[in-house]
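**Q** The structure that follows is given in the form of structure tokens.
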Amino acid sequence: MANIVIIGTQWGDEGKGKIVDLLAEFADMVVRFQGGNNAGHTMVVNGEQFIGHIVPSGILQKKICIVGNGVVIDPKVLLEEIDSLVSKGLPVEPENLMVSENAHVIMPYHKKIDIAAESIKGINKIGTTGRGIGPCYEDKASRKGIRFVDFIDPEVFKEKLSSILPEKNFILEKYLSDKAVDADIIIEEYSSYSKRLAPFTKNISVIIHNALKEGKQVLFEGAQGTHLDIDHGTYPYVTSSNTVSGNAACGSGIGPKAITGVIGIVKAYTTRVGAGPFPTELIDETGDYIQKKGAEFGATTGRKRRCGWLDAVVLRNAARLNGLTGLAITKLDVLGGIKTLKICIGYEYNGKIIEDMPASIKLLSACKPVYEEMPGWNEDISGIRRVKNLPKTTRKYLKRIEEIIKAPINIVSVGPGRDETIVIKNPFKKLNA
Ligand code: GDP
Ligand code: IMO
Ligand code: MG
């Protein structure tokens, strides 16, 4: 029996959706445990692309999908996602999609505050996705949030909304120079959502616990990436939740002992969307080449992703923070055609080499990457399905990543499609290539 957590090791968009979709075949249940619709997880099956924002990426494999208590949910977006999946012929019913009654609801004022607060920050803005994620987690922490269990009870919902709106409207009008929101309009809109979502709302901690007791295999799907973690990331240029593997337990209501493995998704280079330090960023032709070849546009906002070399400081940090037991390397095909590849093995600051990620953003911004070089490859590797058939230089690049992270590579992805994958070791142990 294996229960595996999938997390991003870098700044998000590592290809978690693809790997979760691939591994979901061997799981009984897929659980999202944090973040919200700031996430955009892409799956490509038989040439058809699906982008999930809230519904776990196990839905295409027709597994039980659970949205955990650690997730913040925009009900309108969740319903749109359900409708879109149903229109494609995929069953999405309370039997196969369940939402935690403790998950918090993203309200219209959260989105408005997110967008208006960013715009007044000017050059200091974080470059959020504008989906209301931060303000919703703020309300959760200050105990002003509305949980799903409150949302589906019209009386409680009305009461909670009336008590919070004066404060939200004060901030919107007086501080953010925005328009106030109206309680009656929100109640009317949200009551239609709550009626539809009530049957999906459950005590998911009990459901996952019972599945574990029966020996079912659970896949936990992280969103964002380790360096966007609220505690461990490049604060304040981070998201508002814990993205590291430890939160899989907290965000789904199970004990940490149930987790048997943690797979870190490593993009073969580095990308970042939004603002914040990025030591290996390439603002040159190579950066443009990777951006274009890798189609590096945000799956949620459509923004161009910043691109750069692989960064071992980032990867070592992720290995420690998540307790990685295995790796999935993605987008290796994108690096084909680059003569010399670089891997950052440390940062230089004031004549000294730093090997661990500095907490100070001032210091990190002043760090210069120290690179080692490796020969690249010219071949198109997207049709290769066995490691031994990869070019020698490609295998060397993979070996180096294993040495740096000190964890074995389980999966290598050479294209966006589910089948464009080399499985070296299946963490669910049922299939070994
Ligand atoms: P996530 O947020 O971690 O799930 O990643 P995204 O879906 O936001 O971004 C990853 C992008 O890369 C998507 O467009 C995927 O379809 C694509 N992708 C995933 N793996 C590969 C790969 O191995 N090669 C290529 N070329 N594209 C990939
Ligand atoms: P997936 O799950 C990449 C980034 C935003 C911004 C910062 C804060 O697809 O990997 P937020 O809206 O969360 O308050 O924005 O975090 N960000 C992501 N970047 N992938 C994501 O998700 C992201 N979710 C948030 O661009 O810099
Ligand atoms: Mg994404």
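**Q** Is it the case, given these coordinates, that Leu321 is surrounded by 20 or more Cβ atoms within 10 Å (Cβ to Cβ), within 29 Å of Asn37 (Cα to Cα), within 16 Å of ligand 1 (Cβ to nearest atom) and assigned by TED's automatic domain parsing to the domain that holds Pro256?
**A** Numbers: surrounded by 20 or more Cβ atoms within 10 Å (Cβ to Cβ): yes; within 29 Å of Asn37 (Cα to Cα): yes; within 16 Å of ligand 1 (Cβ to nearest atom): no; assigned by TED's automatic domain parsing to the domain that holds Pro256: yes.
No.
**Q** Give all pairs with beta carbons closer than 8 Å in which a residue from region 101-129 that is more than 28 Å from Ser252 (Cα to Cα) and without any contact (Cβ under 8 Å) to a residue 60 or more places away in the chain meets a residue that is among the charged types (D, E, K, R) and more than 16 Å from ligand 3 (Cβ to nearest atom); count only pairs at least 6 apart in sequence or on separate chains.
**A** Filtered contacts from region 101-129: Glu118/Lys125; Ser119/Lys125.
**Q** Across region 274-289, what is the total count of residues that are over 18 Å from Asp13 (Cβ atoms) and β-branched (Val, Ile, Thr)?
**A** The total comes to 2.
**Q** Show the residue pairs that are 6+ apart or on different chains and have beta-carbon atoms under 8 Å apart, the first residue being within region 205-229 and of a type in the set (Asp, Glu), the second being in a helix (DSSP H, G or I) and within 13 Å of ligand 2 (Cβ to nearest atom).
**A** Glu221/Lys16; Glu221/Val20
**Q** Could I ask something else about it? Listed residues Asp139, Asp153; which is more than 30 Å from Ala258 (Cβ to Cβ) and either surrounded by 13 or more Cβ atoms within 10 Å (Cβ to Cβ) or at pLDDT 95 or above (or both)? Full working, then the answer.
**A** Numbers: Asp139 fails: more than 30 Å from Ala258 (Cβ to Cβ).
Exactly one of Asp139, Asp153 is more than 30 Å from Ala258 (Cβ to Cβ) and either surrounded by 13 or more Cβ atoms within 10 Å (Cβ to Cβ) or at pLDDT 95 or above (or both), namely Asp153.
**Q** Here's another thing I want to ask about it. Could you grab me the full set of residues in region 318-348 that are within 16 Å of ligand 3 (Cβ to nearest atom), on the phi < 0 side of the Ramachandran plot and not aliphatic (A, V, I, L, M)? Spell out the reasoning first.
**A** Within region 318-348, the first condition is being within 16 Å of ligand 3 (Cβ to nearest atom), and the residues that meet it are 328, 330-331, 334.
Adding the requirement that they be on the phi < 0 side of the Ramachandran plot leaves 328, 330, 334.
Thr330 - this is the single residue of region 318-348 that is within 16 Å of ligand 3 (Cβ to nearest atom), on the phi < 0 side of the Ramachandran plot and not aliphatic (A, V, I, L, M).
**Q** Suppose we keep only residues that are in a loop (DSSP other than H, G, I, E, B), more than 14 Å from ligand 2 (Cβ to nearest atom) and not hydroxyl-bearing (Ser, Thr, Tyr) within region 296-329. Which one would you say is farthest from Asn378 (Cα to Cα)? Outline the logic, then answer.
**A** Step one: of region 296-329, the residues in a loop (DSSP other than H, G, I, E, B) are 296, 298-303, 305, 309, 323-325.
From what is left, the residues that are more than 14 Å from ligand 2 (Cβ to nearest atom) are 309, 323-325.
Now narrow it down to the ones that are not hydroxyl-bearing (Ser, Thr, Tyr): 309, 323-324.
Working: Trp309: 17, Gly323: 34, Leu324: 31 Å.
Checked region 296-329; the qualifying residue farthest from Asn378 (Cα to Cα) is Gly323.
**Q** So, one more: Considering only residues that are of a type in the set (A, V, I, L, M) and within 16 Å of ligand 1 (Cβ to nearest atom), look in region 282-295 and name the one that is surrounded by the most Cβ atoms within 10 Å (Cβ to Cβ). Break it down stepwise before answering.
**A** Going residue by residue through region 282-295, those that are of a type in the set (A, V, I, L, M) are 282-283, 290, 295.
Filter once more, so that each one left must be within 16 Å of ligand 1 (Cβ to nearest atom): 290, 295.
On the way: Ile290: 24, Ala295: 11.
Step by step, filter region 282-295, then rank; the result is Ile290.
So that you can scan it fast, the table gives a plain yes or no per residue for (1) of a type in the set (Ser, Thr, Tyr); (2) not in a loop (DSSP other than H, G, I, E, B):
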{"site": "Ile381", "(1), (2)": "no, no"}
{"site": "Lys388", "(1), (2)": "no, yes"}
{"site": "Thr394", "(1), (2)": "yes, yes"}
{"site": "Leu398", "(1), (2)": "no, yes"}
{"site": "Ile404", "(1), (2)": "no, yes"}
{"site": "Ala407", "(1), (2)": "no, no"}
{"site": "Gly415", "(1), (2)": "no, no"}
{"site": "Asp419", "(1), (2)": "no, no"}
{"site": "Lys425", "(1), (2)": "no, no"}
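**Q** Before we move on, is Val77 surrounded by fewer than 22 Cβ atoms within 10 Å (Cβ to Cβ) and either without any contact (Cβ under 8 Å) to a residue 24 or more places away in the chain or near ligand 1 (Cβ under 9 Å from one of its atoms) (or both)?
**A** On the way: surrounded by fewer than 22 Cβ atoms within 10 Å (Cβ to Cβ): yes; either without any contact (Cβ under 8 Å) to a residue 24 or more places away in the chain or near ligand 1 (Cβ under 9 Å from one of its atoms) (or both): no.
Judged against the criteria, Val77 is not a match.
**Q** Now for a different question. I need the full set of residues from region 14-65 which are touching a strand residue (DSSP E or B) at 6+ places or on another chain (Cβ under 6 Å), within 11 Å of ligand 3 (Cβ to nearest atom) and in a loop (DSSP other than H, G, I, E, B), in order please.
**A** Once the filter is applied, which keeps residues that are touching a strand residue (DSSP E or B) at 6+ places or on another chain (Cβ under 6 Å), within 11 Å of ligand 3 (Cβ to nearest atom) and in a loop (DSSP other than H, G, I, E, B), region 14-65 yields Glu14, Gly15, Gly40, Ser57.
**Q** What's the total number of residues in region 248-297 that are of a type outside the set (A, V, I, L, M), within 30 Å of Asn203 (Cβ to Cβ) and touching a Phe, Trp or Tyr at 6+ places or on another chain (Cβ under 6 Å)? So that I can check it myself, show each step before the final result.
**A** As a first pass, look at region 248-297 and keep what is of a type outside the set (A, V, I, L, M): 250-253, 255-257, 260-261, 264, 267, 269-272, 274, 276-281, 284-289, 291-294, 296-297.
Then drop every residue that is not within 30 Å of Asn203 (Cβ to Cβ), which leaves 250-253, 255-257, 260-261.
Then keep just the ones that are touching a Phe, Trp or Tyr at 6+ places or on another chain (Cβ under 6 Å); that gives 251-252.
Adding up the residues that qualify gives 2.
**Q** Would you pick out the residues in region 335-367 that are without any contact (Cβ under 8 Å) to a residue 24 or more places away in the chain, in a strand (DSSP E or B) and surrounded by 12 or more Cβ atoms within 10 Å (Cβ to Cβ)?
**A** Result: Glu348, Tyr349.
**Q** For region 282-310, how many residues are under 19 Å from the mean Cα position of the chain (by Cα), more than 13 Å from ligand 3 (Cβ to nearest atom) and among the charged types (D, E, K, R)?
**A** So the count comes out to 2.
**Q** Continuing with this model, one more query. Looking only at residues in region 260-281 that are among the polar types (S, T, N, Q) and under 19 Å from the mean Cα position of the chain (by Cα), which one is nearest to ligand 1 (Cβ to nearest atom)?
**A** First, pick out the residues of region 260-281 that are among the polar types (S, T, N, Q): 260, 270-271, 280.
Now restrict to residues that are under 19 Å from the mean Cα position of the chain (by Cα): 270-271.
Details: Thr270: 13, Thr271: 8 Å.
Top of the filtered list is Thr271.
**Q** In the list Asp419, Asp380, which residue meets the criterion of being among the acidic types (Asp, Glu), in contact (Cβ under 8 Å) with a residue 24 or more places away in the chain and either under 18 Å from Lys267 (Cβ atoms) or surrounded by fewer than 19 Cβ atoms within 10 Å (Cβ to Cβ) (or both)?
**A** Numbers: Asp419 fails: in contact (Cβ under 8 Å) with a residue 24 or more places away in the chain.
Just a single option satisfies the conditions, and that option is Asp380.
The values are calculated or read from the model by the stated rules, or taken from the named source; none is laboratory data. Being a predicted model, the structure only gives us computed values, none of them experimental. Every residue, glycine as well, gets a Cβ built from its backbone with ideal geometry; the counts of neighbours run over all protein chains shown.
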